[in-house]
Amino acid sequence: MSDTKFSKEHEWITLDGEVGTIGITKHATEMLGDIVFAELPEKGSNVEKDGTAGVVESTKAASDVYTPVSGEVVEINQSIVDDPSKINADPEGGAWFFKLKLKDKSELDTLMNKGEYDKFAKETSA
Amino acid sequence: MNIKKTALYELHKNHNAKFVEFAGYSMPIQYSEGIVKEHNITRSKSGIFDVSHMGQLFIKFSEDITSKLQEILPTDLKNLKINQSKYSFLMKENGGIYDDLIITRMKDQYMIILNAACKENDLQIIRNKLNDQSLEINNDLSLVAIQGPESKSILENVISNISKLKFMNGENFSFENNEIYITRSGYTGEDGFEISLPNKVVNSFVGELISKGSTLIGLGARDTLRLEAGLCLYGHDINENTSPVEANLKWAISKNRIDDNFTGSQKIKKQIEEGVSKLRVGIKPETRVIARESTKIFDEKDNEIGKVTSGTFGPSVNASIAMGYISNSHSKTDTKVFLEVRGKKVPANVCDLPFYKKSYVKGEANV
């Protein structure tokens, strides 16, 4: 998925037309450990780029989930709320968090590509 | 200050431990399996815990020492049998707790196991009480726990005859020609053993336990296991400002010591007779949301009635669980309360402890 973009807060986004699908990266799940709780934004709500749009908790600690772009929440993935262990199992696939109707596609330009993110993740976790 | 390491540090590293600083020690928080799997391995099979950061204090036995120790511990030591262990508290003048501990009457000495973060302060209190500044924590010994249903047969494969030990009893055994001391006890709610043995043989010993089928478990799972079992963590669920009565640990005060004199005894006696204003209880949120330490507790009329002292997700009960202090008027089982998490009020219920049913192998009554 070369068109996947990444944020410094360890979220990923893929775009399909006007709608972006957002989740947290595998690297993020490895840092968090076993995720046991997830909270998602409400469908129909508007979220602002870099604002909080959910929470994940591991047995150790709680972490906010940020949205990498602004938009309206058009769909949420209830299955990860019901079984948060899915996030550890398939973070960059089936365990996406929410879908947004993007407000401003140019916000994507501020994000990193795969190569840049991998380098960033390696440097910041050292 | 230099960060300390236990004798098992390299072994942890070789098993891909992630380390965390705990009470001045670099300790494994988890290994490659992760906290939930390590938790489940301990409940279903067997787990090994390095608890060598805890203080091991040995005090030569005499009747005079017994009397003096009774002045700072609310436990009947005079009737403690050889090789018997008791859970006790190093008491503070205000009825609070300096530390919780396990004291074992060995043949010629007492063994006291102290929390890592408290051990230096405890040592000074005990030195002063016994008027013996030469007392030292024994740093030549490691402490290893093996916990879970398969632990008995695994340990029996390494040390013969450990199966005869009863819960909260110990005995001397031998490993590679070194004397070691094993008690049947633990901090997980499972059947298990704690082994005190010289640093020089601990790597070989733990290596044998692993080869017989047990698994290294980190401090992360140790915390979820003990919380499911309703056991207190010092510095969180109990501290210098909580009394054993408020902590719902009255059972650990020997009945024949309630009218006796020990540090804080007047306060304790008053609390037993007149009741307390706050009490430690179990709390179960109605959703999966986790109520961590310091989460505020409210009643149905939005009055603040207490605070959470420990909270996590319990893998074996598959639910969010917490313990905390709550005003006595709301401490009854099934009382509906609300927990303030990230600005929202989450409904929860006061519940009985433990969350997870214990499976100790009991001998005679120990309380």
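Checking B:N203, B:N178, B:N239 one by one, the residue that is without any contact (Cβ under 8 Å) to a residue 40 or more places away in the chain and not aliphatic (A, V, I, L, M) is B:N178 and no other. Here B:L209 does not qualify as within 30 Å of A:G33 (Cα to Cα) and within 14 Å of chain A (Cβ to nearest Cβ). Considering only the stretch B:163-175, I want to know if a residue exists there that is touching a strand residue (DSSP E or B) at 6+ places or on another chain (Cβ under 9 Å), part of a helix (DSSP H, G or I) and more than 14 Å from every other protein chain (Cβ to nearest Cβ). Within the stretch B:163-175 (the criterion being touching a strand residue (DSSP E or B) at 6+ places or on another chain (Cβ under 9 Å), part of a helix (DSSP H, G or I) and more than 14 Å from every other protein chain (Cβ to nearest Cβ)), the answer is yes, since at least one residue qualifies.
Of the conditions (1) within 14 Å of chain A (Cβ to nearest Cβ); (2) of a type in the set (S, T, N, Q); (3) over 12 Å from B:G218 (Cβ atoms), B:N16 fails just one. Which one is it? It fails just one condition, (3).
Taken as a whole, the condition of being in a loop (DSSP other than H, G, I, E, B) and within 14 Å of another protein chain (Cβ to nearest Cβ) does not apply to B:E38.
Pairing each residue of the stretch B:218-229 that is facing another protein chain (nearest Cβ under 10 Å) with any residue that is assigned to a helix (DSSP H, G or I), provided the two are 6+ apart or on different chains, yields C-beta distances under 6 Å for B:G220/B:I35; B:A221/B:I35; B:A221/B:E38; B:A221/B:H39; B:T224/B:H39.
Yes/no matrix, rows are residues, columns are (1) more than 12 Å from every other protein chain (Cβ to nearest Cβ); (2) under 13 Å from B:G230 (Cβ atoms):
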{"site": "B:G282", "(1), (2)": "yes, yes"}
{"site": "B:E286", "(1), (2)": "yes, no"}
{"site": "B:A291", "(1), (2)": "no, no"}
{"site": "B:K296", "(1), (2)": "yes, no"}
{"site": "B:D302", "(1), (2)": "yes, no"}
{"site": "B:T312", "(1), (2)": "no, yes"}
{"site": "B:P315", "(1), (2)": "no, no"}
{"site": "B:A319", "(1), (2)": "no, no"}
{"site": "B:Y325", "(1), (2)": "yes, no"}
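Scanning the stretch B:176-192 for residues that are part of a strand (DSSP E or B) and over 15 Å from B:I82 (Cα atoms) yields B:N178, B:E179, B:I180, B:G192.
Results for (1) within 14 Å of another protein chain (Cβ to nearest Cβ); (2) within 14 Å of the chain's Cα centre (by Cα); (3) touching a residue at least 24 places away in the same chain (Cβ under 8 Å); (4) in a strand (DSSP E or B), shown as yes or no for each residue.
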{"site": "A:V74", "(1), (2), (3), (4)": "no, no, yes, yes"}
{"site": "A:E92", "(1), (2), (3), (4)": "no, yes, yes, no"}
{"site": "A:K101", "(1), (2), (3), (4)": "no, no, yes, yes"}
{"site": "A:E116", "(1), (2), (3), (4)": "no, no, yes, no"}
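When we screen B:S46, B:S62, B:S52 for residues that are free of Cβ contacts under 8 Å to residues at least 12 places away in the same chain and either among the polar types (S, T, N, Q) or in the same structural domain as B:S320 (by TED's automatic domain parsing) (or both), the only hit is B:S62. When you go through (1) within 28 Å of B:V20 (Cα to Cα); (2) part of a helix (DSSP H, G or I); (3) not hydroxyl-bearing (S, T, Y) one by one for A:I80, which number turns out not to apply? That leaves (1) as the condition not met.
Scanning the stretch B:27-67 for residues that are crowded, with 18+ Cβ neighbours inside 10 Å, over 20 Å from the mean Cα position of the chain (by Cα), of a type in the set (D, E, K, R) and at pLDDT 95 or above yields a total of 0. Residues in the stretch B:312-323: is at least one over 20 Å from B:N239 (Cβ atoms), within 21 Å of the chain's Cα centre (by Cα), among the β-branched types (V, I, T) and crowded, with 24+ Cβ neighbours inside 10 Å? For the stretch B:312-323, residues over 20 Å from B:N239 (Cβ atoms), within 21 Å of the chain's Cα centre (by Cα), among the β-branched types (V, I, T) and crowded, with 24+ Cβ neighbours inside 10 Å: present.
The values are calculated or read from the model by the stated rules, or taken from the named source; none is laboratory data. Note that this is a predicted model, so its numbers are computed, not measured. Glycine gets a Cβ as well: all are built from the backbone with ideal geometry, and neighbour counts include every protein chain shown.
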